[in-house]
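Enquirer: The structure is given below, and queries will be raised subsequently.
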Amino acid sequence: MRAIFGIFPLLAVPVIIYNLMAFTFGGADGMTMAQQIGDPAHAIATIPMVSEGTVWAVTSGDLLILLSLGFFFVEILKSTSTGAATIANHAVSMVVFIICLIEFLLLKNFSTSVFFILTIMTLLDVLAGVVVTIISARRDFTVGDGVGH
């Protein structure tokens, strides 16, 4: 079970949630899912703010981005470990990014700011993982190389 957790990129969860929303949304009120996901008129919750008369409208897109940021943080922490599971995680994360990029460019309900931010998070996850792995490998190589001199 732990190996699956190590390989599975957590950012795939919000991508799957967005896909479920995009492919099952019926288009209520004559709006597409892409229009409705960030529309304050379709907020999930409204939170009164301290400033007089100001209300924060929390949309489903806002919640999805918040969830994604939490998963992104955990993914960054996971990228600092080494091992075969970490390399596999980087590979699967790259696949998730490629899927996101294709969906963003080609599918109607995916051309939203919410999905673009999610796609950028998947890209940063891939880049962070690769950079951390390279730096760790370079440090290990330098330590091993410097011992013999």
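Enquirer: Those residues that are part of a helix (DSSP H, G or I), at pLDDT below 95 and out of contact with any Pro (no Cβ under 9 Å at 6 or more places or on another chain), I need them from segment 91-109; list them, please.
Expert: Within segment 91-109, Ala91, Lys108, Asn109 qualify.
Enquirer: Go through (1) among the β-branched types (Val, Ile, Thr); (2) modelled with pLDDT of 85 or more; (3) closer than 23 Å to Leu106 by Cα one by one and return the number of the condition Thr59 breaks.
Expert: (3)
Enquirer: Which pairs do you get when a residue that is surrounded by 12 or more Cβ atoms within 10 Å (Cβ to Cβ), found in segment 63-90, comes within reach of a residue that is of a type in the set (Lys, Arg), reach meaning Cβ atoms under 8 angstrom, with the pair 6+ apart or on two chains?
Expert: Thr86/Lys78; Asn89/Lys78
Enquirer: So which residues in segment 14-40 are loosely packed, with under 11 Cβ neighbours inside 10 Å, at pLDDT below 85 and either on the phi < 0 side of the Ramachandran plot or in contact with a Gly (Cβ under 6 Å, 6 or more places away or on another chain) (or both)?
Expert: Matches in segment 14-40: Gly26, Ala28.
The values are calculated or read from the model by the stated rules, or taken from the named source; none is laboratory data. For clarity, every value in this text was computed on a predicted model and none was experimentally measured. All Cβ positions, glycine included, derive from the backbone under ideal geometry; neighbour counts span all protein chains shown.
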